Structure formats: structure tokens, C-alpha cells
Amino acid sequence: MEWVAKVRRLVYLVHNLSGDRYNQACFKLTHGTGLHRMNSESSNIFWHQPVVTREMRETRNGHRSSVVWFTGLSGSGKSTLAHAVEGFLHRRNIQTFVFDGDNVRHGLCGDLGFSIGDRAENIRRIGQMSKLFIDAGVIALTAFISPFRVDRQRVRMMVDNDADFLEVWCKCPLEVCESRDVKGLYQRARKGEISDFTGISSPYEEPQNAHLIVNTAELAVEECVQQVVNLLVVRGIVPKMP
């Protein structure tokens, strides 16, 4: 489709921009291709104030709610780390839920592919779902490649304040991710069997202001978990725990 080619060209052009210039370019990109319609508002609807508030749920749970957004290349350890963090917190009576990139495509996002537009819609849906979990007093742990900064920034802007969104970059060199390749996806991408594959035929835009950078190529899972938990403690999301 012509608009898909246009998006790809624009993404290539803005790929190395940062800050305001990047955001302005991405705004032009989405509004020039129709992708902004994904964010259009429904009409004739009204917000119903809940009886049980987020603050009430947080008080009962004994901790705050938040979104911990794990981003990184395929094979960088996002899902492994997110589930390990959840296990650690669950054993300490912390309310959590993991949104796994593959799992949500079996249901909520099962109608989406991997084009730029579908990737953006995938992240938008998860962002909105994560926001609901924040209101429910739950710590949402999301594990998505989410390769484009503009999409991650859009999720950050969905939540009420910056403290509700913690970006964790699972930093791992491409060659290490390829050597893991438990799903065989990199091999297929190298053969040209998978198009728009992040890191091979589609870019991954590294976070510029991640709250935490975890070296998943060298650290043990347990060490990575402790770094994430420490972030939650420092940010006042959960109490200090053994």
C-alpha cells in the first residue's frame, strides 16, 4: 500500500532525531498517513466516576500501582524478566499482572499484523489496558519490543503522571539475541521469510531516557530482578522488602 511505503520512508528520515524535533516529525508522520485515527475519540460518551477509587485499592493492597514497560529486541529477555519480577513480587503479596507481547496477540491484538500501523495500534491497546490496571491498583508489567520511541512516549502520556510509567530497557546486543533465537525468528528474518523484523529489516529505537537499563546479556536473571525491584522501591511503588 502507498501509505505504508510513505510511513517507512518517514520513519527512516526521523529515526535519528531526538527530543522535540523527533516528536514533531512523528506527529507529521501519523497525521499524514491516517494513523492518527487510532487515537480519535468516540462521541456521545461520558466518564462515570467510580465509587471505589484507585487510591482506595492501593491502600488495601499496601502498595502503589504503576506500569513497568520492558522494551528491547526479540530475545533480549523482556518476557523472562517480567515474569521473574512478577514471581518475586507475588510471593510478597504484591498485586501484579504481566502483559506478554506474544500472549496478547492470541486475543486482544489477534487481528493485528506487524506493519508500522499495526505495531502502533498494538502498543496503543496495551497502553490503554495498562492504564485500566493502574486504576485497579495493580502493577502492570508489560513485555513488548515496542521499537518506536513515539509509541512508547504515547503510552507514557496516557497515564496520569510520570511516576506511573517506568521504562526498563533490556539492553542486549543483536548478536546475543540472535544466538538465543529460541523461536527461530532471526534465522527466518535473515532468509527474508519475515519482513519488517526489528533489528534486521526494521529499526529499534533505543530509549533515550529509560528509568532503568538492565544488561540482560551479562547479568543473571536474579540480578536483573533485583535491579527492577530496587527501582520500584526507590520510586515508592512498593515498600522495601527482603
Residue tally, condition closer than 19 Å to SER146 by Cβ and either part of a loop (DSSP other than H, G, I, E, B) or open to solvent by 60 Å² or more (accessible area, probe 1.4 Å) (or both), over the stretch 167-179: 3
Exactly one of (1) of a type outside the set (A, V, I, L, M); (2) modelled with pLDDT of 90 or more; (3) touching a strand residue (DSSP E or B) at 6+ places or on another chain (Cβ under 7 Å); (4) open to solvent by 10 Å² or more (accessible area, probe 1.4 Å) is unmet by ARG156. Its number? (2)
Under 8 Å between Cβ atoms, at least 6 apart or on separate chains: pull out the pairs that start in the stretch 84-100 with a residue that is more than 13 Å from SER130 (Cβ to Cβ) and at pLDDT below 95 and end on any residue that is surrounded by 18 or more Cβ atoms within 10 Å (Cβ to Cβ) and not hydroxyl-bearing (Ser, Thr, Tyr). none
Across the stretch 180-204, what is the total count of residues that are over 16 Å from PHE114 (Cα atoms) and either crowded, with 19+ Cβ neighbours inside 10 Å or not basic (Lys, Arg) (or both)? 4
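Kindly indicate whether any position in the stretch 97-109 is closer than 20 Å to ARG152 by Cα and among the β-branched types (Val, Ile, Thr). Give the steps one after another, and end with the answer.
Keep residues of the stretch 97-109 that are closer than 20 Å to ARG152 by Cα, which gives 97-105, 108-109.
Now restrict to residues that are among the β-branched types (Val, Ile, Thr): 98, 104.
Yes, the stretch 97-109 contains a residue that is closer than 20 Å to ARG152 by Cα and among the β-branched types (Val, Ile, Thr).
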May I ask you to say which residue of VAL176, VAL150, VAL182, VAL138 is touching a strand residue (DSSP E or B) at 6+ places or on another chain (Cβ under 9 Å) and of a type in the set (A, V, I, L, M, F, W, C)? VAL138
Do we find that PHE99 is surrounded by 17 or more Cβ atoms within 10 Å (Cβ to Cβ) and under 27 Å from GLU218 (Cβ atoms) in this structure? yes
Subset of the stretch 187-222, residues under 21 Å from the mean Cα position of the chain (by Cα) and not in a loop (DSSP other than H, G, I, E, B), comes to THR198, SER202, LEU212, ILE213, VAL214, ASN215, VAL221
Sole miss for ALA140 among (1) among the small types (Gly, Ala, Ser); (2) in a helix (DSSP H, G or I); (3) over 18 Å from GLY113 (Cα atoms); (4) at pLDDT 90 or above is condition (2)
Sort out which residues of the stretch 230-242 are in contact with a helix residue (DSSP H, G or I) (Cβ under 6 Å, 6 or more places away or on another chain) and either β-branched (Val, Ile, Thr) or assigned to a helix (DSSP H, G or I) (or both), and write them in order of number. VAL238
Under 9 Å between Cβ atoms, at least 6 apart or on separate chains: pull out the pairs that start in the stretch 187-200 with a residue that is among the acidic types (Asp, Glu) and end on any residue that is at pLDDT 90 or above and open to solvent by 50 Å² or more (accessible area, probe 1.4 Å). GLU193/GLN187
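The values are calculated or read from the model by the stated rules, or taken from the named source; none is laboratory data. This structure is a prediction, so every number in the text was calculated from the model and none was measured. Virtual Cβ from ideal backbone geometry, glycine too; neighbours counted across all protein chains shown. Heads up: the accessible areas ignore ligands, DNA and RNA and are worked out on the full protein's heavy atoms, side chains in. Shrake-Rupley method; radii C 1.70, N 1.55, O 1.52, S 1.80 Å.
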